[in-house]
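A quick write-up on the structure given underneath.
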Amino acid sequence: MATDCEADAHRWVEEQAAWLEPKRIQWCDGSDEERRSLTELLEQTGNFIPLNHRLYPNCWLYRSDPRDVARTEKSTFIVVPERDDAGPTNNWMSPDEAHERVWPLFRRAMRGRTMYVVPYLMGPPGSLFCRVGIQLTDSPYVVLNMRIMTRMGRVALEELARQKRFVPGVHALGTLDPEHRYILHFPRTETIWSINSGYGGNALLGKKCFGLRIASWIGRCEGWLAEHMLIVGIEDPSGRTRYIAAAFPSACGKTNLAMLVPPKQFDGYRVWTVGDDIAWLRIGPDGRLWAVNPEAGFFGVLKGTNARTNPNAVATFQADSIFTNAGLTPEKTPWWEGLTDSPPPGTVDWQGRPWRPELGPVAHPNARFTAPAARCPSISPHWEDPQGVPISAILFGGRRKTLVPLVYQAFDWAHGVFLGATMASETTAAQSGAVGVVRRDPMAMLPFCGYNMADYFAHWLEIGKRLRHPPLIFGVNWFRVDEQGRFLWPGFGENLRVLLWVLDRCEGRVGADETPIGYVPHEHDMNLEGLSLEPGAMTKLLAVDRAGWRQETEAIAEYFEQFGDRLPTALRSELVQLQKRLG
Ligand code: SAT
Ligand code: MN
């Protein structure tokens, strides 16, 4: 029997359908049969190509519209009555403008098409963390992705009956015209509208739209955090596992870190993947911070992913996965830069053209795999625990060629919030626009915070006050280069060495150098056994360039300006103290 809330959901669907005018409405149940029929339908378009079912069972290659290949931040808006409540780092639109200018774009947008109703969960069912969303979409590709990325279908309706509340999302492909693309978030009514894109974070509304922008606002109101963080467990040879949550901007190696394979010197250690992109964090009854991964799959970067850099990812996407904007070999397997040295002869590029070097890369630089988390060989036995996993340390990392050391520890929570709030990173192909430009990306949430970033910093400071056993906070940078532009640190599995130092600090087992920017490792406390670094590399990696940091504080002061009086005084005073320490 339908619950009241199901009746509400039906009423809402009917209302939207009256505006969107689809030919028919299909409620998705998440069944295999449904997957098969959607797959068949998509195959007929020619853009959804079955892969070699012996080498990649149940896998498809999808080619998106070449104008629709990454999140478009300029089309992404927070819709609230007051501009200031969206803050200086978000695009803002008033609710009136949204209704007058954007809603008409949805009028008859689904004419002649099927409207899929996708009930889905963010978080494990039955968990305090778990939330219900319902996405309407006219894209079967989006449905198939949501099916992997979330717990979708019947399970969500059951949860809806308990929670009696859902986040509505309306997604229409429209014309895919980037000039009229809008991804709108209404935090006050917990609603999402998206039109003229079918790609990734623009269109899979559970991910960044709900999982981060809407959830960050709900978290602020309810006293928890929604963060752009991976969650990873490190099991030591005694069998004890400790968990780290780490924020990095898109395409900076979160998936690789979450699925890290210990170097062979670290026999007896195991690394467990809990999540690779989003963490929802709550203060537990024990005063510690607990985290769940609200997603059920990975939407990972293909470029550079291979059996050496990330064997767990390769094993994960070997079946039941979707490859978006990769190349295609004559053997009907997907190919991307970094998979092997060069594409096999006869490979076609991500747009289906016989590849020649003049055409540019074989795969789009933001080509992605969508794969079920449960397939991952390193998936944590606790990844679906309703209470989450306890977090010992939080890392904030960016892509910085210079200045930022390999790892350093904040003096305390407030300093850690300052560290996160001021982090910067070079832009990547995950967002449209120029690549390699350094920009401030506070907590890696710049494109994902659903409200004024200054209030978000204040919320972080508040959470710290309520934590009896707060995680320690660290900054990391795997991307520092030498004078010739070569990476000083090998990264990938070797990052475990840094994580182990972090955990040693959490246990109070090692000392550190107190520098103006925080605690930096003594070289001898880092386990570098079996690692061949250039002579002097470690010294360079851990160096604190005072003159450079003095300049950085000036840039930070300027960046803080935009937040005006809303910036918490604690952060201003962190800056003053840093300036003092730098002399
Ligand atoms: O396109 S997504 O937003 O899903 C991926 C990313 O940019 O992190
Ligand atoms: Mn991400």
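The values are calculated or read from the model by the stated rules, or taken from the named source; none is laboratory data. Here the structure is a predicted model, which is why all the values come from computation and not from measurement. Heads up, the Cβs are rebuilt from the backbone with ideal geometry, glycines too, and the neighbour counts pull from every protein chain shown. Surface accessibility is based on the protein's heavy atoms, side chains included, excluding ligands, DNA and RNA. Shrake-Rupley method; radii C 1.70, N 1.55, O 1.52, S 1.80 Å.
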remark   = For segment 250-300, shape from the Cα gyration tensor axes a ≥ b ≥ c, cut at a/c of 1.5 then a/b versus b/c, turns out oblate
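What ranking of 461, 121 comes out by heavy-atom accessible area, probe 1.4 Å, highest first? Each step should come with its number before you reach the end.
Working: 461 20, 121 0 Å².
Ranked list, largest accessible area first: 461, 121.
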ask   = Using heavy-atom solvent-accessible surface (probe 1.4 Å) with all chains present, what is the largest-first order of 238, 216, 31?
value = 238, 31, 216
Cβ charges +1 (Lys, Arg) and -1 (Asp, Glu), total dipole of segment 151-270, debye = 220 debye
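Based on the Cβ-Cβ distance of residue 286 and residue 569, what FRET efficiency does E = 1/(1 + (r/R0)^6) give at R0 = 22 Å, to the nearest 0.05? The partial results should precede the final answer.
Numbers: r = 30 Å, r/R0 = 1.38.
With a Förster radius of 22 Å, E is 0.15.
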message = Among 533, 492, 246, which residue has its Cα furthest toward the positive end of the charge dipole of the chain, with +1 on Lys/Arg Cβ and -1 on Asp/Glu Cβ?
response = 492
Gain in span if fully extended, residue 240 to residue 438, counting 0.36 nm per residue against the direct Cα distance = 67.4 nm
query = Taking a spot 7 Å from the Cα of residue 351 along the direction of its beta carbon, which residues of segment 315-342 have an amide N less than 15 Å from it?
reply = 325-328
note = Residues meeting the amide H criterion for residue 379 (H placed from the backbone, H to H distance under 5 Å, 5 or more places apart or on another chain) are 273
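So which trypsin sites (Lys or Arg not before Pro) in segment 34-81 pass both tests, a DSSP loop state and at most 12 other Cβ atoms within 10 Å of the Cβ? If you can, show how the numbers build up before the last one.
Details: sites: 35, 36, 54, 63, 67, 71, 74; in loops: 54, 63, 67.
Of the trypsin sites (Lys or Arg not before Pro), the ones in loops of segment 34-81 whose Cβ has at most 12 other Cβ atoms within 10 Å are 54.
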remark   = Of segment 556-575, those with amide N under 15 Å from the point 7 Å along the Cα→Cβ vector of residue 581 are 571-575
key: Computed E for residue 67/residue 31 - FRET, C-beta separation, R0 25 angstrom, nearest 0.05   = 0.15
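Give, rounded to the nearest 20 debye, the magnitude of the charge dipole that the chain has about its Cα centre when Lys and Arg contribute +1 at Cβ and Asp and Glu contribute -1 at Cβ. Before the final figure, lay out the partial values.
Values: 63 positive and 67 negative charges, 68 e Å.
Dipole about the Cα centre, nearest 20: 320 debye.
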query = Counting other Cβ atoms within 10 Å, which trypsin sites (Lys or Arg not before Pro) in segment 132-173 have at most 16 and lie in a DSSP loop?
reply = 164, 165
Spacing of the two label points (7 Å from each Cα toward its C-beta) at residue 17 and residue 108, in nm = 2.0 nm
message = Past 20 Å, Cα to Cα: identify those pairs from 164/465; 465/580; 254/303; 207/332; 254/401, in the order given.
response = 164/465; 465/580; 207/332
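Divide, for segment 298-375, the radius of gyration over alpha carbons by 2.2 N^0.38 Å, where N is the residue count.
For segment 298-375, the normalised Cα radius of gyration comes out at 1.03.
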request  = Apply the Karplus parameterisation 6.51 cos²θ - 1.76 cosθ + 1.60, with θ equal to phi minus 60°, to every residue of segment 412-429 and state each ³J(HN,Hα) to the nearest whole Hz, in sequence, with x for glycine and proline.
outcome  = 7, 4, 4, 5, x, 5, 4, 4, x, 5, 10, 5, 9, 7, 7, 5, 10, 6
remark   = Between the alpha carbon centres of segment 208-283 and segment 438-482 the gap in Å comes to 14 Å
ask   = Percent of alpha carbon pairs in the chain separated by more than 39 Å?
value = 25 percent
ask   = For the charge dipole of the chain, defined by +1 on Lys and Arg C-beta atoms and -1 on Asp and Glu C-beta atoms about the Cα centroid, which residue among 502, 168, 117 has the Cα displaced farthest towards the positive pole?
value = 117
query = Once the dipole of the chain is set up with Lys and Arg at +1 and Asp and Glu at -1 on Cβ about the Cα centre, which of 567, 132, 450 lies farthest towards its positive end?
reply = 132
Loop-resident sites, segment 462-542, for GluC sites (Glu not before Pro), counting at most 16 other Cβ within 10 Å (DSSP) = 483, 507, 529
inquiry  = Within segment 16-125, what whole-number % of the accessible surface is contributed by carbon and sulfur, with the 1.4 Å probe and all protein chains included in the calculation?
reply    = 46 percent
note = Mean accessible area per residue over the chain (1.4 angstrom probe, all protein chains present, square angstrom) is 38 Å²
ask   = Which value, in Å² rounded to 10, gives the accessible area of residue 469 with a 1.4 Å probe and all protein chains present?
value = 100 Å²
query = Could you give me the ³J(HN,Hα) list for segment 199-211, computed from phi with Karplus coefficients 6.51, -1.76, 1.60 and θ = phi - 60°, whole Hz, x at Gly and Pro?
reply = 9, x, x, 6, 10, 7, 5, x, 6, 6, 5, 7, x
message = How tilted is helix 546-561 with respect to the longest principal axis of the chain? Cα atoms for both, answer in degrees (0 to 90, nearest 10).
response = 40 degrees
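How far, in nm, would the chain grow between residue 387 and residue 487 when pulled straight, counting 0.36 nm per residue and subtracting the alpha carbon separation?
Working: separation 100, 0.36 × 100 = 36.00 nm, distance 3.90 nm.
This chain segment gains 32.1 nm when fully extended.
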query = Tell me, what HN-Hα J-couplings in whole Hz come from the Karplus equation 6.51 cos²θ - 1.76 cosθ + 1.60 at θ = phi - 60° for each residue of segment 28-39, using x for Gly and Pro?
reply = 8, 10, x, 6, 5, 4, 4, 4, 4, 6, 5, 5
message = At 0.36 nm per residue, and after removing the present C-alpha to C-alpha distance, how many nm does the segment from residue 509 to residue 554 gain when stretched out fully?
response = 12.7 nm
